[in-house]
1. For segment 232-252, what are the residues that are over 23 Å from GLU173 (Cα atoms), surrounded by 13 or more Cβ atoms within 10 Å (Cβ to Cβ) and away from ligand 2 (no atom under 16 Å from the Cβ)?
2. In segment 59-67, is there at least one residue being closer than 29 Å to LEU244 by Cβ and at pLDDT 95 or above?
3. Go through the residues of segment 334-343 one by one and say whether even a single one is acidic (Asp, Glu), over 14 Å from VAL25 (Cβ atoms) and out of contact with any Ser or Thr (no Cβ under 7 Å at 6 or more places or on another chain).
4. Being open to solvent by less than 10 Å² (accessible area, probe 1.4 Å), more than 14 Å from ligand 2 (Cβ to nearest atom) and within 16 Å of VAL330 (Cβ to Cβ) is the filter here; which residues of segment 253-266 pass it?
5. Just checking: which of the helices (runs of 4 or more DSSP H) contained wholly in segment 169-264 hold 1 or more residues that are within 16 Å of ligand 1 (Cβ to nearest atom)?
6. Looking at the structure I just gave you, is ALA325 crowded, with 23+ Cβ neighbours inside 10 Å, outside any loop (DSSP other than H, G, I, E, B) and touching a residue at least 12 places away in the same chain (Cβ under 8 Å)?
7. Restricting the search to segment 29-49, which residues are open to solvent by 60 Å² or more (accessible area, probe 1.4 Å) and within 20 Å of GLU285 (Cβ to Cβ)?
8. Are there any helices (runs of 4 or more DSSP H) wholly within segment 19-108 with 3 or more residues that are more than 13 Å from ligand 1 (Cβ to nearest atom), and if so which?
Amino acid sequence: MKQFKIAALAGDGIGPEVMREAIQVLRATEKTFGFKLEITEAAVGWAGIDQAGKALPDATLALCRASDAILFGSVGLPDRDPTIPKEERPERAALLRIRKEFGLFANLRPVHLPKALAHACPLTAERQGGGIDILVVRELTGGMYFGQPKKTEDIPGGRRAIDTMVYTTPEIERIAHVAFQAARLRRKKLTSIDKANVLENGILWREVVTRVGRQYPEVALDHMFVDNAAMQLMLRPTQFDVLLCENMFGDILSDEAAALAGSLGMLPSASLGAASGESTFGFYEPAGGTAPDIAGKNLANPIAQILSAALMLRHSFALHDAAVAIEAAVTTAILAGNRTGDIFNPLEAGARKVGTREMGGAVVAAVHR
Ligand code: IPM
Ligand code: MG
């Protein structure tokens, strides 16, 4: 029997409650499809600080190293931030650290608006066209997030903050390959995002992506400035198939795209390093945050976490049938009218407002069926 080790790091806010549902869904698939998952939970984020004094405790990092994949919840509680130095806060000390530590340069964020949730999309039916189905491919270990120098210093008359945007040719090449390969399996259209009219980085980005594109003649490539892309996502999102972005542009545009899918609570993500054979070490997390305002109240939408688990089965373990089964079970749960608050509309016929557990339970039931 195939066997895999998973580090489950639920983190803060709604992390633990949505993680619990995702693990139950994984357990249901395990039985149905006959593989074995060794799931070990560990603390991260503020939970790590409270337990072991660090956002990424040594034991948690060791567990990650010994695992085949990381299933991650979310970290960060802005209210507590002022109590510790910025370098020790969960976003930098845990999330960005793991991304860098494991070389997870490719972030895939599939944005898909199910027909049943058309009402949750802020755009008119006309703009939704035949349906919104976009894959955001975001570079995750370069650009402004990590470029040096990065600091705030005193200068005469005030202070000065410096972040540095830096990309090398190989960094752009490897993420471009990921995007072209993904586009080849989809509608074969790639839109590369940059700011080549202003940034040196944008010029190099465009040059390198164009060159890599010659190896993928079956994929139609075009380039778009990031400001225009932000607008086009609102005006005509159906023109997009795969969006290729550097780190910060991808951060921003993926949240914008997620809103099109009805809710951030629906958006899963996979962060991958270099592939080795059929499977790849990966990090899987919902794109939404910790949502402290609704944490612990059985209100959070667990779907992004559940779909992240499906991405893990697909990308890290090559368990394609099981991944498809989870995605289908999510669709079934939605079609049956289950709606957490973020996707609930009282005017929708047949919709029933449910909590985190009920939504998770509905997906589990659909996997068993
Ligand atoms: C994301 C998040 C993170 C990012 C934050 C929490 C550091 O917004 O994964 O999109 O900016 O990458
Ligand atoms: Mg973000």
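1. The answer is GLN232, MET234, PRO237, THR238, GLN239.
2. Within segment 59-67 (the criterion being closer than 29 Å to LEU244 by Cβ and at pLDDT 95 or above), the answer is yes, since at least one residue qualifies.
3. no
4. ALA261
5. 169-184, 226-235, 247-260
6. Considered against the rule, which asks whether it is crowded, with 23+ Cβ neighbours inside 10 Å, outside any loop (DSSP other than H, G, I, E, B) and touching a residue at least 12 places away in the same chain (Cβ under 8 Å), ALA325 comes out as no.
7. GLU38, GLU41
8. Qualifying helices (runs of 4 or more DSSP H): 46-52, 58-65.
The values are calculated or read from the model by the stated rules, or taken from the named source; none is laboratory data. Since this is a predicted model, take the numbers as computed values, not measurements. Using ideal geometry, Cβ is built from the backbone for each residue, glycine included, and neighbour counts are taken over all protein chains shown. The area values use the complete protein model at the heavy-atom level, side chains included, leaving out ligands, DNA and RNA. Shrake-Rupley method; radii C 1.70, N 1.55, O 1.52, S 1.80 Å.
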